[in-house]
1. Return yes when E57 is surrounded by 10 or more Cβ atoms within 10 Å (Cβ to Cβ), assigned to a helix (DSSP H, G or I) and out of contact with any Ser or Thr (no Cβ under 6 Å at 6 or more places or on another chain) and no when it is not.
2. Among the residues of the range 11-23, which ones are in a helix (DSSP H, G or I) and open to solvent by less than 70 Å² (accessible area, probe 1.4 Å)?
3. Counting only residues that are part of a helix (DSSP H, G or I), surrounded by 10 or more Cβ atoms within 10 Å (Cβ to Cβ) and of a type outside the set (F, W, Y), how many does the range 24-54 have?
4. Give the residues of the range 20-65 that are of a type in the set (K, R) and either in contact (Cβ under 8 Å) with a residue 12 or more places away in the chain or within 23 Å of S4 (Cβ to Cβ) (or both), sorted by residue number.
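The values are calculated or read from the model by the stated rules, or taken from the named source; none is laboratory data. Bear in mind the structure is a predicted one, so any value in this text is a computation, not a measurement. Backbone-built Cβ (ideal geometry, glycine too); neighbour counts: all protein chains shown. Side chains included, ligands, DNA and RNA excluded: accessible areas come from the protein's heavy atoms. Shrake-Rupley method; radii C 1.70, N 1.55, O 1.52, S 1.80 Å.
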Amino acid sequence: MSLSLGQNASYINRIENGAALPSMTAFFYICEYLEISPRDFFDYGNDDPVLAGEVAEELKKLDYVQPGHVMSIVKDILKK
């Protein structure tokens, strides 16, 4: 990953170990590399931010009534 970001091989390891902090630009590149948004990066309660993003994009394609149906299904699933 470090090399893909144009950094030396130990770059990400140094960030993980607290020895370095990425610049804001590098942070955005890291998010882009991971295919997540900066918001998703800090959403610790979301185990699969890529899937959540895909679901959100698909929900945008529904008409004004259909999201209510989807929500009913989700609530029904969560009850069990």
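1. Working: surrounded by 10 or more Cβ atoms within 10 Å (Cβ to Cβ): no; assigned to a helix (DSSP H, G or I): yes; out of contact with any Ser or Thr (no Cβ under 6 Å at 6 or more places or on another chain): yes.
No: the conditions fail for E57.
2. Y11, I12, I15
3. Pass one, the range 24-54, residues part of a helix (DSSP H, G or I): 24-34, 38-41, 49-54.
Now drop any that are not surrounded by 10 or more Cβ atoms within 10 Å (Cβ to Cβ), which leaves 26-34, 38-41, 49-54.
Those left that are additionally of a type outside the set (F, W, Y): 26, 30-32, 34, 38-40, 49-54.
Number of matching residues: 14.
4. Let us first name the residues in the range 20-65 that are of a type in the set (K, R), namely 39, 60-61.
Once the filter is applied, which keeps residues that are of a type in the set (K, R) and either in contact (Cβ under 8 Å) with a residue 12 or more places away in the chain or within 23 Å of S4 (Cβ to Cβ) (or both), the range 20-65 yields only R39.
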